[in-house]
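Report on one structure; see the data block that follows.
The values are calculated or read from the model by the stated rules, or taken from the named source; none is laboratory data. Treat the numbers as computed from the prediction; the structure is a model and nothing was measured. A quick note on method: Cβ atoms are made from the backbone with ideal geometry, for glycine too, and the neighbour counts reach across all protein chains shown.
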Amino acid sequence: MFDVNEIRKDFPILSRKVNGYPLVYLDNAATSQKPQQVIDCIVDYYSNYNANIHRGVHTLSQEATDKYEAARNTIKEHFNASKTSEIIYTSGTTHSINLVASGFTSLLKKGDEIIVSALEHHSNIVPWQMLCERTGAVLKVIPMNQEGVLDMDAYVDLLNDKTQLVFVNHISNALGIINPIKFIIDQAHRVGAVVLIDGAQACSHVKVDFQALDCDFYVTSAHKMCGPTGVGILYGKEAWLEKLPPYQGGGEMIAEVSFEKTTYAGLPHKFEAGTPNICGGIAFGAAIDYLNTIGFSEIAKQEEMLLEYANKKLLEIEGLKIYGTGSEKTSVISFNIEGLHPYDIGTIIDKLGIAVRTGHHCAQPVMDFFNIPGTVRASFAFYNTIEEVDALVSAVKKAKMMLS
Ligand code: PMP
């Protein structure tokens, strides 16, 4: 039975106060809070078996290696990859995208086309622009409509035999819109293009199945999924990971080194140069176990309920406009109040203990599309409550009164 008050007890930070008020944490799209189970896992690693991995004969090194690789297997099972070697540990979504963008430098030629969407985070725009500069490839953009929904007819029209790569986020961080990624992947494959899905915002809300999606690459970060910062994954189909050259050179990623020639390790180690975030990888596994104990259908139910209630209550405030009104949405509400700056609203409600994000959310093209400097973004997780939505609404009303 899902009991939000019981679940909240797992998150020590949720009982703290901010500016004398109980913390209302509604910035989950930026990073999630961490349950005691994940915190304990981190403490256990540093207290009991901290050691470098894959290279020691001693007991601690073997224990750390076993747990790190067991976590890789947890990640593989959770996302239904076909092999653990298709799961590359990285420092997060941004690192994963840059790894792929760098790898394609030698695989693209002048005039090839890359498609991204109008809804992307900067980390899914800038690395591709840099790739275009290096190769002479051309960047094309899938447009969106006023509801923040991508135009799939325009997308299909953009696809042609020059299209080499398609990069789209699964869920938009700025608006919470869920993109039709299965359609996007299938259409890209029709013209032989490779697809990378940025799942940074999706994996805390839905259970993603890499094989069912048939995506070529999928990237995400642990810190959005109740895990620690500084760790994430690149999933790639084996054939593509084999084709890409290594990203960084160093220890761990080699088979043999001499001054004449170096040969590289097989997957996944070819992409894992240097000492990794060992504790982070292990704690990522613990975070996935924790989310699965709660259950993704229960998570979705709670978040849908919060989204619906918050939408209704916020829209009762005169002059409040929500951006991203498409029907396929996750629990993110981006809004502005006529005549007020989002930063001012965010600053005042922080004084009342409420944490939201304000600004362009690393998605300036989305803000430019709506011709606004930014929004206030409230993003809800399964551990948020109806009472917290009420606190948000009443704080926003107060801010509006003070600023008008
Ligand atoms: N893509 C999207 C859609 C995101 O929301 C984020 C994080 N805000 C990123 C990419 C980048 O993730 P990270 O900062 O963990 O590398």
Test result for PHE104, away from the ligand (no atom under 16 Å from the Cβ), within 22 Å of LEU234 (Cβ to Cβ) and either assigned to a helix (DSSP H, G or I) or in the same structural domain as GLY249 (by TED's automatic domain parsing) (or both): yes
Based on this model, can you work out whether HIS58 counts as more than 26 Å from the chain's Cα centre (by Cα) and at positive phi? no
Scan the stretch 148-164 and tell me whether some residue there is hydroxyl-bearing (Ser, Thr, Tyr), over 21 Å from the mean Cα position of the chain (by Cα) and not assigned by TED's automatic domain parsing to the domain that holds HIS361. yes
I need the full set of residues from the stretch 1-49 which are under 18 Å from THR229 (Cβ atoms) and small (Gly, Ala, Ser), in order please. ALA29, ALA30, SER32
Residue count for the stretch 130-165, restricted to those that are of a type outside the set (A, V, I, L, M, F, W, C), within 27 Å of PHE370 (Cα to Cα) and either away from the ligand (no atom under 15 Å from the Cβ) or out of contact with any strand residue (DSSP E or B) (no Cβ under 8 Å at 6 or more places or on another chain) (or both): 9
Test ASN173 against the criterion of being at pLDDT below 95, under 17 Å from the mean Cα position of the chain (by Cα) and either farther than 30 Å from PRO276 by Cα or within 13 Å of the ligand (Cβ to nearest atom) (or both), and give yes or no. no
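Conditions tested, residue by residue: (1) part of a loop (DSSP other than H, G, I, E, B); (2) farther than 29 Å from ASN52 by Cα.
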{"residue": "SER204", "(1), (2)": "yes, yes"}
{"residue": "TYR235", "(1), (2)": "no, no"}
{"residue": "GLY251", "(1), (2)": "yes, no"}
{"residue": "GLU260", "(1), (2)": "yes, no"}
{"residue": "GLY274", "(1), (2)": "yes, no"}
{"residue": "GLY280", "(1), (2)": "no, no"}
{"residue": "ALA287", "(1), (2)": "no, no"}
{"residue": "SER297", "(1), (2)": "no, yes"}
{"residue": "GLN302", "(1), (2)": "no, yes"}
Could you list, in sequence order, all residues of the stretch 354-398 that are among the charged types (D, E, K, R) and within 14 Å of the ligand (Cβ to nearest atom)? ARG357, ARG377
Can you tell me which residues in the stretch 212-233 are assigned to a helix (DSSP H, G or I) and surrounded by 13 or more Cβ atoms within 10 Å (Cβ to Cβ)? LEU213, ALA222, HIS223, LYS224, MET225
Identify, please: which residue in the stretch 366-404 is assigned to a loop (DSSP other than H, G, I, E, B) and of a type in the set (A, V, I, L, M, F, W, C) and is, among those, nearest to ILE7 (Cα to Cα)? PHE382
Considering the stretch 345-365, residues that are crowded, with 21+ Cβ neighbours inside 10 Å and assigned to a loop (DSSP other than H, G, I, E, B), and then whichever is farthest from the chain's Cα centre (by Cα), we arrive at VAL356
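Each row is one residue, and each column tells you yes or no for (1) assigned by TED's automatic domain parsing to the domain that holds CYS226; (2) closer than 18 Å to PRO276 by Cα.
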| residue | (1), (2) |
| --- | --- |
| LYS9 | no, no |
| LEU14 | no, no |
| LEU23 | no, no |
| PRO35 | no, no |
| ILE42 | no, yes |
| GLN62 | yes, yes |
| THR65 | yes, yes |
| ILE75 | yes, yes |
| HIS78 | yes, no |
Conditions (1) touching a strand residue (DSSP E or B) at 6+ places or on another chain (Cβ under 7 Å); (2) within 16 Å of the ligand (Cβ to nearest atom); (3) closer than 26 Å to GLN364 by Cα: number failed by SER204: (1)
Within the stretch 113-129, of all residues that are closer than 15 Å to VAL195 by Cα and assigned to a loop (DSSP other than H, G, I, E, B), the one nearest to the ligand (Cβ to nearest atom) is GLU120
Number of positions in the stretch 176-186 that are within 16 Å of the ligand (Cβ to nearest atom) and either without any contact (Cβ under 8 Å) to a residue 40 or more places away in the chain or in a helix (DSSP H, G or I) (or both): 2
